[in-house]
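Take a look at the structure below.
The values are calculated or read from the model by the stated rules, or taken from the named source; none is laboratory data. Note that the coordinates shown come from a computational prediction; the quantities given were computed from them, not determined experimentally. Just the protein is used for accessible areas: all its heavy atoms, side chains included, with ligands, DNA and RNA removed. Shrake-Rupley method; radii C 1.70, N 1.55, O 1.52, S 1.80 Å.
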Amino acid sequence: MAWIELHQTLPSNRKTMRLKRLLKIKTPQAVGHMCMLWLWAVDNAADGDLTPFTADEIAEAGGYTGKDPEAFVDALVDAHFVDADADGMRLHDWMDY
């Protein structure tokens, strides 16, 4: 059984604070979205590469039910949970954790 490293500072992390402001959600929801996305990635994006997945798939993986999956992905990038460049998208520092 795989596991993910989860830090006690996640709820107060600046990235989480930015994510919740961008999506207009509460802290528990932002933490939940990240935990769900990370747990999904263990099986579906083991190298942290999200490039092959659509915004709809990433939003679903993260449990995001808002009307605009692109807004969820954009918020992940803006909050620096996801790195995006011309080569694609990756979970930030995924291989370190």
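Can you send over the carbon and sulfur percentage of the accessible area for the chain, probe radius 1.4 Å, protein chains only? Walk me through the numbers on the way to the answer.
Details: 3220 of 6080 Å².
So the carbon and sulfur contribution to the accessible surface is 53 percent.
So with the 1.4 Å probe, I'd like the accessible area per residue for segment 6-95, rounded to whole Å². Before the final figure, lay out each step's value.
Numbers: 5240 Å² over 90 residues.
I get 58 Å² per residue for this part.
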